[in-house]
Amino acid sequence: MGRRPAGATPALNAGRLWSGGVATAVVAALIGLVGLLVVRALLQIPYLAPAGAGALGDSRTIVLCMSAAIAALAATGLAHLLLVSTPRPMAYFGWIVGLLTAVAVVLPFLDSEPLTVRVATAIIHLVVGIAIGSLVTGAAVSATGGRAAA
């Protein structure tokens, strides 16, 4: 009684998954903000705005933070889709998030910004990607009662 047939999809608590996804979105946005502050205020690199724009830069700071939050919500949607439709959903999720993070890290180097700005952007993207991948994975595992296939 209570046993699932072999290969059955684990029960998914979607509310738990999405509350974890929203929390991940907040964390991702804050990582973007902290990264920007470290680069602009501590390292004195004119990241996303001229040096005279102050420690918080300009409207591009909001774009950075909102993009990180949207990426976290998109990752949560991807995890939800994979959990209800694929075998070994978290293995696919890990690969997809890892490859998208790699793209986000490499893209700044295609720009004509100074090297310091490109490196700072790549590092911030890397930290945001790692955080999203690990936190959404944790939320997905928790939302399936620890039964999400890796």
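Here Leu37 clears all of (1) at pLDDT below 95; (2) in a helix (DSSP H, G or I); (3) touching a Gly at 6+ places or on another chain (Cβ under 6 Å) except the condition numbered (3).
This table checks each residue for (1) surrounded by 17 or more Cβ atoms within 10 Å (Cβ to Cβ); (2) touching a strand residue (DSSP E or B) at 6+ places or on another chain (Cβ under 6 Å); (3) closer than 19 Å to Val27 by Cα; (4) not β-branched (Val, Ile, Thr).
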{"residue": "Gly77", "(1), (2), (3), (4)": "no, no, yes, yes"}
{"residue": "Trp95", "(1), (2), (3), (4)": "no, no, no, yes"}
{"residue": "Leu99", "(1), (2), (3), (4)": "no, no, no, yes"}
{"residue": "Ala104", "(1), (2), (3), (4)": "yes, no, yes, yes"}
{"residue": "Leu115", "(1), (2), (3), (4)": "no, no, no, yes"}
{"residue": "Ile124", "(1), (2), (3), (4)": "yes, no, yes, no"}
{"residue": "Val136", "(1), (2), (3), (4)": "yes, no, yes, no"}
{"residue": "Ala140", "(1), (2), (3), (4)": "yes, no, yes, yes"}
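Annotation: Ala49 fulfils all but one of (1) over 20 Å from the mean Cα position of the chain (by Cα); (2) among the small types (Gly, Ala, Ser); (3) over 21 Å from His125 (Cβ atoms); the unmet one is (3).
Evaluated against (1) of a type in the set (A, V, I, L, M); (2) surrounded by fewer than 17 Cβ atoms within 10 Å (Cβ to Cβ); (3) farther than 23 Å from Val136 by Cβ, Val39 falls short on exactly one condition, (2). Out of the residues in segment 55-72 that are of a type in the set (Ser, Thr, Tyr) and surrounded by 13 or more Cβ atoms within 10 Å (Cβ to Cβ), state the one that is nearest to Leu43 (Cα to Cα). Out of the qualifying residues, it is Thr61.
Set side by side, the residues Ile62, Ile31 differ, and just one is part of a helix (DSSP H, G or I) and at pLDDT 95 or above, which is Ile31. How many residues does segment 109-148 hold that are over 26 Å from Tyr47 (Cβ atoms) and without any contact (Cβ under 8 Å) to a residue 40 or more places away in the chain? Of the residues in that region, 1 qualify. Suppose the filter is assigned to a helix (DSSP H, G or I) and in contact with a His (Cβ under 7 Å, 6 or more places away or on another chain); does Ala120 pass it? No; evaluated as a whole, the condition is false for this residue. In segment 77-95, the residues that are farther than 16 Å from Trp18 by Cβ form Cβ pairs under 7 Å with partners that are modelled with pLDDT of 95 or more and not hydroxyl-bearing (Ser, Thr, Tyr), at six or more places apart or across chains, as follows: Met90/Ala140; Tyr92/Leu82; Gly94/Gly133. Over 13 Å from the mean Cα position of the chain (by Cα) and of a type in the set (S, T, N, Q) - does that describe any residue in segment 85-105? Yes.
The values are calculated or read from the model by the stated rules, or taken from the named source; none is laboratory data. Model, not experiment: these values are computed from the prediction. FYI the Cβ positions are ideal-geometry reconstructions off the backbone, even for glycines, and counts take in every protein chain you see.
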